[in-house]
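I have placed the structure first, in the form of structure tokens, so that the comments after it can refer back to it.
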Amino acid sequence: MRKTQPMPANLYCPLCQTTHTRFYVQDKQRQYFICDTCTLVYADRASLLSTQAEHAQYLLHNNDLNDAGYRRFLSRVSEPLLARLNRTGLAGLDFGCGPGPLLAKMLTEAGHRMQVWDPYFAANPAALQQQYDFISCTEAMEHFINPAIEWATWQQLLKPSGILAIMTKRYTDLDAFSRWHYKNDPTHVSFFHNDTFCYLAAQAKMTVDFVTNDVVILRKSG
């Protein structure tokens, strides 16, 4: 991987919004930058897709509600989430549900009252006008161009002691990142490290539990 000079547009971290950022690595498609405050790695702002092109990419995803394999995949986040919920009938939001909101269906089947929200497939403003006992976000956080916005939204939407269950693959170091297939999807623009979630948890006074290498569960203080 060859190194080149960063572009001024990449000065501000899109998560913690500091200027403690620097060039990280470049591949055949684009450059990536890292924030030394929160450890977020983010794609070059000049490489971001248009809204139309991004939407077209999402339409290629197979999110069949009747797909048993997809259900098994989502159980990796639903099972640890349900294990932490102390009763049924709780209010939940599946944020970034995509075209096939199977996780919301699974959590409804488990006895919870689910709402869904997605900027392309479920842009329902009413879903963002109430508070929730828990929020799930599966394979969506890596798509956030300015994750500071979604993080602040979640803090407003979560009730005290609320749970945030996130599925997104986490990077480990520069060598692994440079060879990582996950970054090759042009809609994947924000990449999180364990330290990123620890930083966010500390800022928001949340506890953090790394369930697997792609599932993290945070709990808001009471």
Looking at (1) more than 18 Å from Tyr42 (Cα to Cα); (2) among the polar types (S, T, N, Q); (3) out of contact with any strand residue (DSSP E or B) (no Cβ under 7 Å at 6 or more places or on another chain), which one does Asn184 not meet, given that it meets all the others?
(1)
Taking the residues in the stretch 52-91 that are of a type in the set (A, V, I, L, M) and part of a loop (DSSP other than H, G, I, E, B) as candidates, determine which candidate is surrounded by the fewest Cβ atoms within 10 Å (Cβ to Cβ).
Leu60
Of the criteria (1) open to solvent by 20 Å² or more (accessible area, probe 1.4 Å); (2) of a type in the set (Asp, Glu); (3) under 20 Å from Thr212 (Cα atoms), which one Asp94 fails
(1)
Quick one: count up the residues across the stretch 11-38 that are in contact (Cβ under 8 Å) with a residue 24 or more places away in the chain and farther than 18 Å from Ser178 by Cβ.
7
Looking at Phe95 and the list (1) under 18 Å from the mean Cα position of the chain (by Cα); (2) without any contact (Cβ under 8 Å) to a residue 12 or more places away in the chain, which single condition is not satisfied?
(2)
When only residues in the stretch 119-145 that are under 22 Å from Arg84 (Cα atoms) and in a loop (DSSP other than H, G, I, E, B) count, which is most open to solvent (accessible area, probe 1.4 Å)?
Gln131
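Here is a yes/no grid of residues against (1) more than 12 Å from the chain's Cα centre (by Cα); (2) surrounded by fewer than 17 Cβ atoms within 10 Å (Cβ to Cβ); (3) in contact (Cβ under 8 Å) with a residue 24 or more places away in the chain:
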{"residue": "Trp117", "(1), (2), (3)": "yes, no, yes"}
{"residue": "Leu158", "(1), (2), (3)": "yes, no, yes"}
{"residue": "Thr172", "(1), (2), (3)": "yes, yes, no"}
{"residue": "Gly222", "(1), (2), (3)": "yes, yes, yes"}
In the list Asp64, Asp118, which residue meets the criterion of being more than 22 Å from Arg219 (Cα to Cα), among the acidic types (Asp, Glu) and modelled with pLDDT of 95 or more?
Asp118
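Each row is one residue, and each column tells you yes or no for (1) open to solvent by 70 Å² or more (accessible area, probe 1.4 Å); (2) outside any strand (DSSP E or B); (3) modelled with pLDDT of 95 or more; (4) in contact with a strand residue (DSSP E or B) (Cβ under 8 Å, 6 or more places away or on another chain).
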site	(1), (2), (3), (4)
Ile149	yes, yes, yes, no
His188	no, yes, yes, yes
Cys198	no, yes, yes, yes
Ala201	no, yes, yes, yes
Val208	no, no, yes, yes
Thr212	no, yes, yes, no
Leu218	no, no, yes, yes
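The values are calculated or read from the model by the stated rules, or taken from the named source; none is laboratory data. These figures come from a predicted structure and were not determined experimentally. Note that we place each Cβ from the backbone using ideal geometry, even for glycine, and neighbour counts take in every protein chain shown. In case anyone asks, the SASA skips ligands and DNA or RNA and just uses the protein heavy atoms, side chains included. Shrake-Rupley method; radii C 1.70, N 1.55, O 1.52, S 1.80 Å.
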